[in-house]
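Undergrad: Quick one: the structure is below, and I'll ask about it shortly.
Taken together, the values in this text are just the output of simple stated rules run on the coordinates, not laboratory data. Worth saying up front: this structure is predicted, and the values here are computed from it rather than measured. All Cβ positions, glycine included, derive from the backbone under ideal geometry; neighbour counts span all protein chains shown.
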Amino acid sequence: MNISIPKEVERALNILQNNNFEAYIVGGCVRDSIMGKLPSDWDITSSAKPEEIIKCFKGYKTIETGLKHGTITVIIGKMPIEITTYRIDGEYTDNRRPDEVFFTSDISFDLKRRDFTINALAYNEKGIIDLYGGMADIKNKIIKCVGDPNERFEEDGLRILRALRFASVLEFRIEKNTAYSIYKNKHLLKNISRERINIELNKLIMGNNFHQVINSYRDVVEVFLPEIAVLSKEDLKYRLNSMKRLNSLSLRLTLLLHGIEFPDKILTNLKYDNRTIKTVKLLSENIDGKIFPESVNIKRWLNKIGHTNLKMLIKIKSALFQEEKENLLQSEIIMNKIIETNQCYSLKTLAVSGNDLIEAGIPKGKNIGIVLNDLLNKVIEGKLENEKESLMNYVCSGL
Ligand code: ATP
Ligand code: MG
């Protein structure tokens, strides 16, 4: 097995080894490389203690990412590389984080603390270290805990969700004992911070096999997302299938949560950012609104929710209501034309402003808004040109 390592990472390994420390790439980057995927980041595990790592990389920028847990980030070229000292996790009293960690000079202990066999592989120029059958499990597409699953989930409940996440992203199945233990221990997810849940849940939802994983492990997901319990089996299945047709997180979340009460509250609770929450709320509220492939209707929609949101609404409705697809496609074409040709659909692009009306002698106040919207409506309906003179003429004729 030969893994091609970026030259920056190679250099970090060499620097550690030239200083008489052991050093390996480890975890996700080894797993992904073996699977022929490009890793998103490269982690190194080393026998060097944190202060020794800092010494080795004197000429480089280093960040003390988690000194207590033995992690130093070194910047080589422009690449941040996390180097972590071989460690043994101390006792877990809260199912979340070890109370303390112990550094060790034996890599086997470091691999033993890792969650799944496929994540417990280390590699350097001498070859692979595979103490828990991770290579075979990658080949057979299996997620399996390192050691006793009950113990490992009790130590850190997030691993339950991580198992589902890897099953979705990698399209692996979860080994029988590990799966059984996931069901048995699912309540442990209640102890996990919502920030940590958020990260893993997003990866799960964006993974290739999210629909099967959520369908099969619905009870587990309901521990931190109890609101989806109101969905019938068929409804959930239908939603998950529709979600496959969309490739953004906000759109997939909308399909999962629309029609359930207060999707924005659910997402706030799970620590989503304001933008995602706002988008999901707006799309959920409008998902049953009728979109017709005709210019007046599309302009009304553009005025109501804006171009970006209407694009998303059309996408999401096409995914959910297949029978409306053709109409929605036509609507999209009409929308694009309205945008490309800068047609007026909002007060912002109306050729007269409130000031114009005041200058023409309309009293300030509520009236101005009413008149402007009346003008906009007439422009949208094609009854008036969006042109200042004709609009002012129309207004003044009514005075
Ligand atoms: P990704 O490609 O999404 O980054 P990854 O496997 O690298 O996947 P990370 O969350 O970056 O996942 O973690 C890096 C490595 O640290 C894992 O491969 C695993 O060996 C170990 N690890 C991470 N989280 C845990 C955990 N909760 N319990 C045990 N080991 C963990
Ligand atoms: Mg990683």
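Undergrad: Assuming a ≥ b ≥ c are the square roots of the Cα gyration tensor eigenvalues, decide whether region 81-218 counts as rounded (a/c under 1.5), prolate (otherwise, with a/b larger than b/c) or oblate.
TA: Since a/c reaches 1.5 but b/c is at least a/b, the shape of region 81-218 is classed as oblate.
Undergrad: Next question, about the same structure. Using Cα springs under 10 Å in a Gaussian network model of the chain, which residue among LEU201, LEU13, LEU67 shows the largest mean-square fluctuation?
TA: Result: LEU67 has the largest fluctuation of those listed.
Undergrad: Scan region 241-329 for trypsin sites (Lys or Arg not before Pro) in coil per DSSP, keeping those whose Cβ has at most 12 other Cβ atoms within 10 Å, and list them by number.
TA: Within region 241-329, the qualifying trypsin sites (Lys or Arg not before Pro) (loop, at most 12 other Cβ atoms within 10 Å) are LYS290.
Undergrad: Quick check: from the Cα gyration tensor, does region 1-140 come out rounded (a/c under 1.5), prolate or oblate?
TA: oblate
Undergrad: I've got another one for you. Any idea how far apart LEU67 and ALA229 come out in nm if each label point goes 7 Å out from Cα toward Cβ?
TA: 4.6 nm
Undergrad: May I pose another question? Given all pairs of different Cα atoms, what value in angstroms does the Kirkwood hydrodynamic radius of the chain take?
TA: It is 25.1 Å.
Undergrad: Additional query: Let me check against my output: what whole-number percent is the relative contact order of region 146-224, with C-alpha pairs under 8 Å and at least 6 apart?
TA: 41 percent
Undergrad: Could you compute how fast region 231-343 diffuses translationally, taking Rh as the Kirkwood radius over C-alpha pairs and applying Stokes-Einstein at 25 °C with viscosity 0.890 mPa s? Give it in µm² per second.
TA: 169 µm²/s
Undergrad: Let me ask something else about it. Going by Cα centres, region 316-340 and region 1-57 are how many Å apart?
TA: Taking the Cα centre of each part, region 316-340 and region 1-57 sit 49 Å apart.
Undergrad: Would you mind computing, in nm to one decimal, how far apart the modelled labels at ARG275 and TYR238 are, each placed 7 Å from Cα along Cα→Cβ?
TA: In this crude label model, ARG275 to TYR238 measures out at 3.2 nm.
Undergrad: According to the square roots a ≥ b ≥ c of the eigenvalues of the Cα gyration tensor, what is the shape class of region 146-224, taking rounded for a/c under 1.5, prolate for a/b larger than b/c otherwise, and oblate for the remainder?
TA: Cα axes put region 146-224 in the oblate bin.
Undergrad: Grab the Cα-Cα distance for LYS58 and ASP106, subtract it from 0.36 nm times how many residues apart they are, and report the gain in nm with one decimal.
TA: Answer, rounded to one decimal: 14.8 nm.
Undergrad: Suppose a student asked you for the relative contact order of the chain, using Cα pairs under 8 Å spaced at least 6 residues apart; what percent would you report?
TA: Rounded, it is 8 percent for the chain.
Undergrad: Trypsin sites (Lys or Arg not before Pro), restricted to region 125-216: which are DSSP loop and have at most 12 other Cβ atoms within 10 Å?
TA: Counting only loop positions with at most 12 other Cβ atoms within 10 Å, the trypsin sites (Lys or Arg not before Pro) in region 125-216 are LYS126.
Undergrad: Please determine, in degrees from 0 to 90 and to the nearest 10, the orientation of helix 7-18 with respect to the longest principal axis defined by the Cα atoms of the chain, where the helix direction is its Cα long axis.
TA: Rounded to the nearest ten degrees, it is 30.
Undergrad: At 0.36 nm per residue, and after removing the present C-alpha to C-alpha distance, how many nm does the segment from THR341 to SER353 gain when stretched out fully?
TA: 2.2 nm
Undergrad: I've got another one for you. Taking Cα atoms, how many degrees apart are the long axis of helix 274-286 and the longest axis of the chain, rounded to 10 and kept between 0 and 90?
TA: Taking Cα atoms only, the helix is inclined about 50 degrees.
Undergrad: Let me ask something additional. Show me the three semi-axes of the equivalent ellipsoid for region 347-397, from the C-alpha gyration tensor (sqrt of 5 times each eigenvalue), largest first, rounded to whole Å.
TA: They are 16, 11, 9 Å, listed largest first.
Undergrad: Another question, then. Compute a Gaussian network model of the chain, connecting alpha carbons closer than 10 Å, and tell me which residue from THR349, THR276, THR104 fluctuates the most.
TA: THR349
Undergrad: So which GluC sites (Glu not before Pro) in region 58-163 are both in a DSSP loop and have at most 14 other Cβ atoms within 10 Å of their Cβ?
TA: Those satisfying the criteria are GLU91, GLU100, GLU125.
Undergrad: Here is a further query. Restricting things to alpha carbons, find the Rg to Rh ratio for region 6-65 using the Kirkwood radius for Rh.
TA: Rg divided by Rh gives 0.99.
Undergrad: I want to verify a result. In a Gaussian network model of the chain, Cα cutoff 10 Å, which of these has the top mean-square fluctuation: THR45, THR254, THR62?
TA: In the Gaussian network model the winner is THR62.
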